[in-house]
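> Quick one: the structure is below, questions incoming.
Read-outs throughout are calculated quantities, based only on the coordinates presented, and are distinct from any laboratory measurement. All figures in this text were calculated on a predicted structure; none of them were measured in a lab. Virtual Cβ from ideal backbone geometry, glycine too; neighbours counted across all protein chains shown.
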Amino acid sequence: MLGSSKVKTWYVNLLEPVTRTSVRFGIHPNALTVLGFGITLLSAVLYGMGAFRWAGLVLFIGGSCDVLDGHLARVTGTKSVFGALLDSTLDRYAEIAIFIGIAIFYLYRAPENPFNEVWVLTAILGLTGSLMVSYVRARAEGLGQECTVGFMQRPERVVCLGLGALLGEFYIPAALVLIAAVSNVTAASRLYYIWKRSNTV
């Protein structure tokens with residue numbers, strides 16, 4: 001889940017002791033997927049409460065589970081269509097929850113500020129772009145077209161939101177603006193990429 005393929009490989013290797021422990025105790029990858037989802041929901045609640053540093057830490061823990069479930073499935077030979085679908089589905093729900101938590105903070109718990117409504121709108125735009133980045137790729141692949149161009153895919157979004165939270169409340173708007181801008185540009189660039197490929201085949 002985290003970063004480019006090289007960074008992800010490094011992170012998986014870092015978490016190898018956890019993988020071995022999971023294998024030893026017979027933990028199923030789908031159970032790890034559900035656990036990661038639950039942890040990320042807790043992060044969403046913490047975002048809504050304004051406990052941003054805790055929210056960022058918990059988000060990275062949930063993200064670690066999301067890294068490990070796929071790796072564990074490969075190691076144990078338990079990869080399945082349902083497992084992949086469950087992982088993708090819960091990823092979307094988790095991401096929705098995080099943005100809702102942030103919006104709730106700015107609507108009800110943030111100190112009075114004329115920009116609060118702007119940050120709520122930015123969170124909505126960020127969520128929209130995030131979902132569209134994933135949707136365009138999934139739809140393109142369903143039509144037989146590989147589509148991985150662009151930035152601000154889920155790993156980058158998690159890192160952006162997590163780091164913003166760990167740095168403190170002041171940095172959350174910057175993370176939201178970055179995600180809202182780049183994710184929507186990425187969704188549009190993927191549409192353009194598929195259009196260009198379809199016209200050159």
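> Could you put Asp91, Asp66 in order, starting from the residue whose Cβ has the fewest other Cβ atoms within 10 Å? Can you show the working numbers first?
Numbers: Asp91 19, Asp66 24.
Least crowded to most crowded, the residues run Asp91, Asp66.
> Here is a follow-up. Based on other C-beta atoms within 10 Å, arrange Leu161, Leu14 from fewest to most. Intermediate results must be reported in sequence, preceding the final value.
Details: Leu161 29, Leu14 11.
In increasing order of surrounding Cβ atoms, one gets Leu14, Leu161.
> Let me ask you something else. Placing +1 at every Lys and Arg Cβ and -1 at every Asp and Glu Cβ, with all other atoms neutral, what dipole size does the chain have around its Cα centre, in debye to the nearest 20?
Details: 16 positive and 12 negative charges, 112 e Å.
Charge dipole, the chain, about its Cα centre: 540 debye, nearest 20.
> Applying 1/(1 + (r/R0)^6) with R0 = 25 Å to the Cβ-Cβ distance of Glu117 and Tyr93, what FRET efficiency is obtained, to the nearest 0.05?
Working: r = 25 Å, r/R0 = 1.02.
Efficiency, rounded to the nearest 0.05: 0.50.
> Please sort by residue number the chymotrypsin sites (Phe, Trp or Tyr not before Pro) in segment 1-108 whose DSSP state is loop and whose Cβ has at most 15 other Cβ atoms within 10 Å. Mind showing how you got there, number by number?
Working: sites: Trp10, Tyr11, Phe25, Phe37, Tyr47, Phe52, Trp54, Phe60, Phe82, Tyr93, Phe99, Phe105, Tyr106, Tyr108; in loops: Phe25.
Of the chymotrypsin sites (Phe, Trp or Tyr not before Pro), the ones in loops of segment 1-108 whose Cβ has at most 15 other Cβ atoms within 10 Å are Phe25.
> Please arrange Met152, Met49, Met132 by counting, for each residue, the other beta carbons lying within 10 Å of its beta carbon, fewest first. Intermediate values should be presented prior to the final figure.
Working: Met152 22, Met49 14, Met132 18.
The fewest-first ordering by Cβ neighbours comes to Met49, Met132, Met152.
> I need the helices of the chain that pass two filters: whole DSSP H segments spanning 15 Å or more by Cα along the axis, and mean Kyte-Doolittle score no lower than 1.0. Show your work: numbers first, answer last.
Values: long enough: 29-49 (30 Å, 1.45); 52-76 (35 Å, 0.83); 81-104 (35 Å, 1.35); 116-142 (39 Å, 0.66); 154-167 (19 Å, 0.93); 172-200 (41 Å, 0.67).
Sorted by number, the helices that extend far enough and score high enough are 29-49, 81-104.
> Would you kindly state the longest site-free stretch of the chain, with sites defined as GluC sites (Glu not before Pro) in a DSSP loop (not H, G, I, E, B) surrounded by at most 13 other Cβ atoms within 10 Å? Spell out each step's value before the answer.
On the way: sites that count: Glu112, Glu146.
The longest such stretch corresponds to 1-111.
> If you don't mind, another one. Please give the FRET efficiency for Ala31 paired with Phe151, using the beta carbon to beta carbon distance and R0 = 41 Å, rounded to the nearest 0.05.
Values: r = 32 Å, r/R0 = 0.77.
The formula returns an efficiency of 0.80 here.
> Please give the calculated 222 nm ellipticity per residue for the chain, where each DSSP H segment of at least 4 residues contributes -39500 (n - 2.57) and the sum is spread over every residue; nearest 500 deg cm²/dmol?
Value at 222 nm, helices only, nearest 500: -27000 deg cm²/dmol.
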